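Down below is the structure, laid out as structure tokens.
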Amino acid sequence: MTLHRQIVAHLTAWLPNEGCGLLASISDGEVDRAVHFFPGTNIDRSPVRYTMDPAEVIDAMREMRLKEWALAAIVHSHPRNRPAPSRTDLREAYYPDARLLIVSFSGEVPELGCWELIGDHEARESRPAILAIEDR
């Protein structure tokens with residue numbers, strides 16, 4: 001199953017709540033390529049908030065370090081809104097160097113949006129970002 005399908009399937013299973021996970025990447029110095037999806041458990045079990053189980057975050061970060069992968073993106077869904085960061089998403093982005101990959105289920109077909117964070121914590125904003133998804 002492709003990474004794209006893994007992500008969408010995992011997030012779909014969490015509906016009507018938000019789903020979450022982490023995406024790992026490798027870099028060739030020019031392009032970051034996503035290579036592995038770590039599905040997460042939303043311990044908030046909420047349609048408008050998510051917190052990935054801290055033990056899963058630790059395990060994923062440990063595996064990324066061992067395989068020399070980087071944290072490419074924090075993945076989560078918006079069950080009813082567009083695939084853009086909310087004010088809460090921006091405020092609670094605890095890994096500001098990671099992109100936000102958001103999947104919206106507000107339309108007929110799931111829509112993905114990828115964002116990078118800019119600015120400091122108090123004045124954080126986002127802008128569209130590119131992340132290549134590589135299937136192994």
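Here are the numbers for the structure shown:
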{"quantity": "Separation of alpha-carbon centers, segment 1-54 and segment 72-97, rounded to whole Å", "calculated": "11"}
{"quantity": "Rotationally averaged projected area of the chain (alpha carbon convex hull; nm²)", "calculated": "8.0"}
{"quantity": "Neighbour cut-off at most 11 other Cβ (10 Å), DSSP loop, chymotrypsin sites (Phe, Trp or Tyr not before Pro), segment 1-99", "calculated": "Y94"}
{"quantity": "Listed residue (P79, L66, F37) projecting farthest to the positive dipole end of segment 3-133, Cβ model", "calculated": "P79"}
{"quantity": "Stokes-Einstein D for segment 68-136, Kirkwood Rh over Cα pairs, 25 °C, 0.890 mPa s (µm²/s)", "calculated": "195"}
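None of the figures in this text is laboratory data; all of them are computed from the coordinates on show. In this text the structure is predicted, and so the values were computed from the model without any measurement. Neighbour counts are summed over all protein chains in view; Cβ atoms, including those assigned to glycine, are modelled from backbone coordinates with ideal geometry.
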